[in-house]
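Here's the structure we're looking at; comments come further down.
Taken together, the values in this text are just the output of simple stated rules run on the coordinates, not laboratory data. Predicted model only: the values in this text are computed from it and were never measured. Cβ coordinates were reconstructed from backbone atoms using ideal geometry, including for glycine residues, and neighbour counts include every protein chain displayed.
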Amino acid sequence: MNRIARVAFVLLAAASAAGATIQAQGSGTYLQPRDLARADAETPERLLSAIDAVRATSRGTVLVNDRAARRVLMLDRDFRRIGTVIDASPAKGTLYGLYATRMFAMPGDSTLFLDNESRTFTVLDPDGRIARRVPVPPIPVPEDLVHVRSGTPAFDLRGRLIYRALGRSQRELMEMGRSGKRTLPEPVPLLRLDLATGRVDTATMVHIYQQREVVSSGSVMPLLHPAPTVDEWAMLADGTIAVVRGDDYHVDFIGADGALSRGPPIPYPMRELGPDDKLALLDSSRAVRARMLEAGIPLGREVAALPGAVAVGARPTNVVTQGGVVTAVGADLPWTHREPPDQWVSPEEIPDRLPVFPAGGVRADADGHLWIQTIRLTMERARSVYDVVDRSGALVDRVEVPEGAAIVGFAPGGVVLLVQRDPSGVRLVRSHHEVRAVRR
């Protein structure tokens, strides 16, 4: 167990000892987690700086959007680099752009890459070649498509791009005369964009946590929250939108025709949080965030890491944090600056029940299942456990991934793609898992 994992375990044990009570939810069987199979392929060290999205094709190749390095790489079946599909060099004529952006899987084997500067979609074929470019239709808030906090957009079987609205920022609320006040969790629409007509409609509403900001030492700082209650969504292989509800932990399914079906409550040991538990949770998150920064993991200003969390989007760099002074030597230029102290929500803003899953913790595999990353406050190892839910909304499996790993994608036939962080940086790892059959 590495240093961060040891720290996480100690902090989690302390939080658990604070006296939180556990209540079982749901009438189904609460399954014990199984270990994910050992990796059978992984990328070489230092090939990738960050992994925002992966796209596995039917030919066995994989496209990787490396947002930090501003490039899209193509890998072969053994995860060796075939070439660079899109990068920041003008020599190739396939510019990534000045800012990190997004990559989405289209129906079939095509992939859509968004150039937010030119407001253009680039369609890539299975070999990574540019098939065509399509102007982005005028939509109310284009930032909803490109921003990481808006989730992972996906296409339904009718070719509509499904994405989540960001909601209004605190600054926008203040300009509207609402003094920055908002409803928490905040309802925002899950939208459907028809690329051919530019028409946008609402598929359903989901609840998000919209981070607030405060002014500290002359800087605008995010107010960190370690465990807000949110909804999350993913697109199933059959084109159904699956929304995992955070308030009572069940799945709503929305078909292409708009028909809604509700899954049963998913069995899970719900943990009630008293005042002491909330203080312990905040203290744990503060300590884990500080130690991850000291260990060289450059977390974003808005990340309130829970113990066992994996920072999958940060560029590996030599980072030293002492006394609030951050010094880093990256691939370009060294920099040093003094960070204002982190700002955190009050214990009263922590929910009375620990959320089951974090924001961004839901993904759909290529075989019709949802994988839901769960939050745990007691664990022997700092590993993530995923609840696997079938098309009816029933829990059919629970899977524990290796330490320091998080799932970033899937391929048909039980292929699981993970990002693995260790002192050398980040690697893309391939494993396999056969979802177990559960007797009804």
| task | Return the distance in nm (one decimal) between the two label points of a simple spin-label model at Asp352 and Ser261, each offset 7 Å from Cα along Cα→Cβ. | result | 3.4
| What does a probe at Asp194 reach in segment 232-273, counting residues whose amide N is under 20 Å from the point 7 Å along Cα→Cβ? | 239-241, 254-260
| query | Whose amide H sits under 5 Å from the amide H of Thr204, counting only residues 5 or more places off or on another chain, with H placed in the peptide plane? | reply | Leu190
| Taking the Cβ-Cβ separation of Ala88 and Glu294 as r and a Förster radius of 41 Å, what is the calculated FRET efficiency to the nearest 0.05? | 0.85
| field | Label-point gap, in nm, between Arg132 and Asp109 - each point 7 angstrom along Cα→Cβ | value | 1.9
| remark: Per its Cα gyration tensor (rounded if a/c is under 1.5, else prolate when a/b beats b/c, else oblate), segment 211-275 is best filed as oblate
